[in-house]
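Structure first, then comments.
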Amino acid sequence: MRTAFDKHRERVFHDIYQNSFDQLFHFTRKLLGDHDLAKDVVQQCYTNLWPTAFEQGGLEDARRQLFTFAKNMVIDHRRREVTRIRFLQQLDDGQQKDGAAPLHTKEALQDIEAAIEALPAKRKHIYKLSRNEGLSHEEIAVQLSISKNTVNNQIASANEFLKERLHHLRQ
């Protein structure tokens with residue numbers, strides 16, 4: 001059953017959404033150049049804002065927070081893209097030098113995926129939010145309603161496990 005507080009909180013969030021969506025979407029689409037990706041980023045911005053929407057100092061504070069989320073998510077996306085492009089270039093360079101490289105790369109990727117899947121469910125979810133979705137530890141903590149310290153510990157444990165499990169790939 002929804003309380004009066006919950007209804008008020010939803011109204012506040014709705015007002016924030018109505019007064020900021022168009023500008024936030026256009027800002028994000030302009031930075032990314034991709035309509036669908038911009039929609040995903042904007043949706044994630046509102047998801048990140050929801051836990052603290054009622055605590056915001058007003059519409060302008062919420063808008064500032066949303067635009068900061070969007071800017072940071074675009075930066076994270078660009079960083080991931082640069083990393084992906086570099087990785088693909090290295091793969092391409094390796095294929096040109098050694099015809100066996102694609103097979104080794106495919107096997108390595110399968111080993112990495114299997115190791116990630118072997119993580120405990122909660123740790124795997126946190127790890128994927130960090131690595132695949134590019135969320136910061138703070139964003140993950142807010143989204144999952146856990147402490148940032150818990151996120152840090154889970155990521156560190158996942159990295160340690162993966163390092164041990166995948167040591168053969170570093171040779």
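Scanning the range 130-171 for residues that are among the acidic types (Asp, Glu) and over 19 Å from Thr83 (Cα atoms), which turns out surrounded by the most Cβ atoms within 10 Å (Cβ to Cβ)? Steps first, answer last, please.
Keep residues of the range 130-171 that are among the acidic types (Asp, Glu), which gives 133, 138-139, 160, 164.
Filter again for over 19 Å from Thr83 (Cα atoms), leaving 138-139, 160, 164.
Working: Glu138: 11, Glu139: 22, Glu160: 10, Glu164: 9.
My answer is Glu139.
Check whether at least one residue in the range 84-95 is modelled with pLDDT of 90 or more and of a type in the set (D, E, K, R), and report yes or no.
no
Looking only at helices (runs of 4 or more DSSP H) that lie completely in the range 111-171, which have at least 3 residues being under 20 Å from Trp50 (Cα atoms), modelled with pLDDT of 90 or more and within 18 Å of the chain's Cα centre (by Cα)?
Details: elements: 121-131, 137-144, 148-165.
Counting at least 3 such residues, we get 137-144.
Please identify the pairs in which a residue from the range 27-43 that is farther than 16 Å from Arg63 by Cα and assigned by TED's automatic domain parsing to the domain that holds Ala70 has its Cβ atom under 9 Å from the Cβ atom of a residue that is crowded, with 18+ Cβ neighbours inside 10 Å and small (Gly, Ala, Ser), counting only partners at least 6 apart or on another chain.
Sorted first by the residue in the range 27-43, then by its partner, the pairs are Arg29/Ala38; Lys30/Ala38; Leu31/Ala38; Leu31/Ala70; Leu32/Ala38; Ala38/Ala70.
Of the conditions (1) outside any helix (DSSP H, G or I); (2) at pLDDT below 90; (3) touching a helix residue (DSSP H, G or I) at 6+ places or on another chain (Cβ under 8 Å), Gly99 fails just one. Which one is it?
Condition (3) is where Gly99 drops out.
So for the range 61-80 (the condition being surrounded by 13 or more Cβ atoms within 10 Å (Cβ to Cβ), touching a His at 6+ places or on another chain (Cβ under 8 Å) and not charged (D, E, K, R)), does at least one residue qualify?
For the range 61-80, residues surrounded by 13 or more Cβ atoms within 10 Å (Cβ to Cβ), touching a His at 6+ places or on another chain (Cβ under 8 Å) and not charged (D, E, K, R): absent.
The values are calculated or read from the model by the stated rules, or taken from the named source; none is laboratory data. Every value quoted in this text rests on a predicted model; they were computed, and no experiment measured them. Don't worry about glycine lacking a Cβ; one is built from the backbone with ideal geometry, like all the others, and counts go over all protein chains shown.
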